[in-house]
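The values are calculated or read from the model by the stated rules, or taken from the named source; none is laboratory data. Everything numeric in this text was worked out from a predicted model, so none of it was measured. Positions of Cβ are backbone-derived with ideal geometry, glycine not excepted, and every protein chain shown enters the neighbour counts. Note: areas computed on protein heavy atoms with side chains; ligands, DNA, RNA excluded. Shrake-Rupley method; radii C 1.70, N 1.55, O 1.52, S 1.80 Å.
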Amino acid sequence: MFLRGIILGFWVFFSSVSWGAEICERLLKKDFRETSNIRLAYNDSGVVLEQNQAIINKKRFGSYAFNTPLKAGDRILAVDQKPVASDDADAYLYLSNLLETSAMRDLSLTVQHLDGEVEMVDLKRIPYLGHPIVEADIILNDFEVIQQSSKSNLNLEVNLQWQNEDLIHNFFNLTELDKSPIKCIFRKSAELENILQKIWYPTFETTQTGSFINDITFKSLLITNDKSDPFNFVLKQQINYQVTNSSDFKKFPFDNISTSADFIFQDIDLSTSSLYDPEIIMKGGNEILYEWQINEHTLNCCDSQIYGQGVLQKLEYSFDLNRKSFYYILKIILPVIFLVYLSFMVFWIPSRELESKLAVSLGSLLTLVVFQFTFGDDVPKINDFTVLDTMILASYLFTGISTFITIINYVFYSPSKESTTHKNYDKNLFFILCLTYPVVTTLFALIVYN
């Protein structure tokens, strides 16, 4: 009997797998075309709440709530003049069951706007045709700052999830109640191209000047009728997004850049995953960036713009980065400072040793010139002064001053007059220049920085 049970279990399992595979194969062969101008029927209030908070996140386009004074950021204080729970989690559970499901009924909400004003707003239960509810999740795979820090390449995985129960019903028109839920996963490029030509799926574009999306590769598509899954469709795709950075190169090498990728969706009701964690994105990005440090990351959703009978919604994926300056301090700034102070050593050489003094001062000056050409490719080529430029120019100035004073001293030098007083004069010049150089350089740098 036990053996029969095991055999029956295996038979049921493999028959359900085989049956599911047959249904998925049938989808590829089925000849149908879903309209791209998709509108779905909804019976909820059209109000979406912030996760675990009694705060309005958005109003769905087409709903009765869309034309009310409710605004994103409003806090719900009461329903039908009955205060909601003071605990946000309890209030969210009650309100979400009331507002985000078909249990919606005519009611009035007492809300507090962001400016502190309290207002009572009536909501009516009126079914509406709305756009598909789409949840977007963006994962950073690679981040590269290119073209003299003026652009960034973002390699992103964009996961889009949406519901379309009507289409699912047509796909899986099941008559056998004992059959398991079906999950069809398409990964081959030919299969993806086949099925995506037949169904509606969310698309996006960018409107940023100087930015563009290329190399869009579809990775997989999941279609399921499993009611335990929140979405019927999950589309994963990989894109390469090149964006133009906003930067203040005048502060180089202590500058920062801001970069953002915007995704414009048409005729959908967009939201982002509640599991999205900016800290994880920042940590992963900093592991692959060597010259930059991500200090802030945001995912802003969803600015809406109405056009005709439709709506455009924007998802903005942005970063703020600081340049890691230690490389430039160690490889450029410190060697330049060393060369300048080396040129000041001429004041410790007797005035009669003109050749030796000029060898030191001119050698330091020429080394400075050669050194600048060496690291020229490491600095942004902009038509403006940067902090590093002011430091280099101040270094040229003080190295040139030491050479100039060397020649003047020799012109007025007289062996008969060389004395302790003359030597003290040179030493005083040495200490004056050693103290003046960092002060003047810092002052120039602060003027440019600010």
TODO: Would you mind finding the one in LEU129, LEU160, LEU109, LEU140 that is exposed (fewer than 15 other Cβ atoms within 10 Å of the Cβ), among the aliphatic types (A, V, I, L, M) and assigned to a strand (DSSP E or B)?
DONE: LEU129
TODO: Check ILE294, ILE306, ILE223 and return the single one that is in contact (Cβ under 8 Å) with a residue 24 or more places away in the chain, in contact with a helix residue (DSSP H, G or I) (Cβ under 8 Å, 6 or more places away or on another chain), under 30 Å from VAL47 (Cβ atoms) and assigned to a strand (DSSP E or B).
DONE: ILE223
TODO: Among the candidates THR403, THR386, single out the residue that is within 17 Å of LEU429 (Cβ to Cβ), touching a residue at least 60 places away in the same chain (Cβ under 8 Å) and open to solvent by less than 20 Å² (accessible area, probe 1.4 Å).
DONE: THR403
- [ ] Identify all residues within segment 226-280 that are part of a helix (DSSP H, G or I) and over 14 Å from the mean Cα position of the chain (by Cα); write none if there are none.
- [x] PHE249, LYS250, LYS251
Task: Hits in segment 365-404 - residues which are in a helix (DSSP H, G or I), at pLDDT below 80 and either under 20 Å from LEU354 (Cβ atoms) or charged (D, E, K, R) (or both) - done: ASP377, ASP378
Task: Unmet criterion (only one of (1) part of a loop (DSSP other than H, G, I, E, B); (2) of a type in the set (D, E, K, R); (3) surrounded by 18 or more Cβ atoms within 10 Å (Cβ to Cβ)) for ARG33 - done: (3)
Open item on the list: Can you find, within segment 74-93, the residue that is nearest to the chain's Cα centre (by Cα) among those that are surrounded by 15 or more Cβ atoms within 10 Å (Cβ to Cβ) and of a type outside the set (A, V, I, L, M, F, W, C)?
Closed with: ASP74
TODO: Output the number of residues of segment 194-220 satisfying the condition of being open to solvent by 30 Å² or more (accessible area, probe 1.4 Å) and touching a helix residue (DSSP H, G or I) at 6+ places or on another chain (Cβ under 7 Å).
DONE: 2
Task: Positions within segment 342-357 being surrounded by fewer than 16 Cβ atoms within 10 Å (Cβ to Cβ) and under 30 Å from ASP389 (Cβ atoms), in sequence order - done: MET345
- [ ] For PRO278, indicate whether it is buried (at least 16 other Cβ atoms within 10 Å of the Cβ) and either touching a strand residue (DSSP E or B) at 6+ places or on another chain (Cβ under 7 Å) or in contact (Cβ under 8 Å) with a residue 60 or more places away in the chain (or both).
- [x] no
Open item on the list: For segment 325-372: of the residues being charged (D, E, K, R) and within 23 Å of VAL411 (Cα to Cα), which is nearest to the chain's Cα centre (by Cα)?
Closed with: LYS357
Task: Count of residues meeting criterion [more than 21 Å from ILE294 (Cβ to Cβ) and in contact with a Gly (Cβ under 6 Å, 6 or more places away or on another chain)] in segment 236-268 - done: 1
Open item on the list: If the requirement is being in contact with a Gly (Cβ under 9 Å, 6 or more places away or on another chain) and either closer than 14 Å to PHE398 by Cα or free of Cβ contacts under 8 Å to residues at least 24 places away in the same chain (or both), which of these qualifies: SER343, SER364?
Closed with: SER343
TODO: Starting from residues that are in a helix (DSSP H, G or I) and of a type outside the set (Ser, Thr, Tyr), keep the ones in segment 314-330 and report whichever is least open to solvent (accessible area, probe 1.4 Å).
DONE: ILE329
Open item on the list: Among the residues of segment 405-427, are any modelled with pLDDT of 85 or more and under 57 Å from the mean Cα position of the chain (by Cα)?
Closed with: no
- [ ] Go through the residues of segment 373-381 one by one and say whether even a single one is open to solvent by 20 Å² or more (accessible area, probe 1.4 Å) and either hydroxyl-bearing (Ser, Thr, Tyr) or more than 30 Å from SER152 (Cβ to Cβ) (or both).
- [x] yes
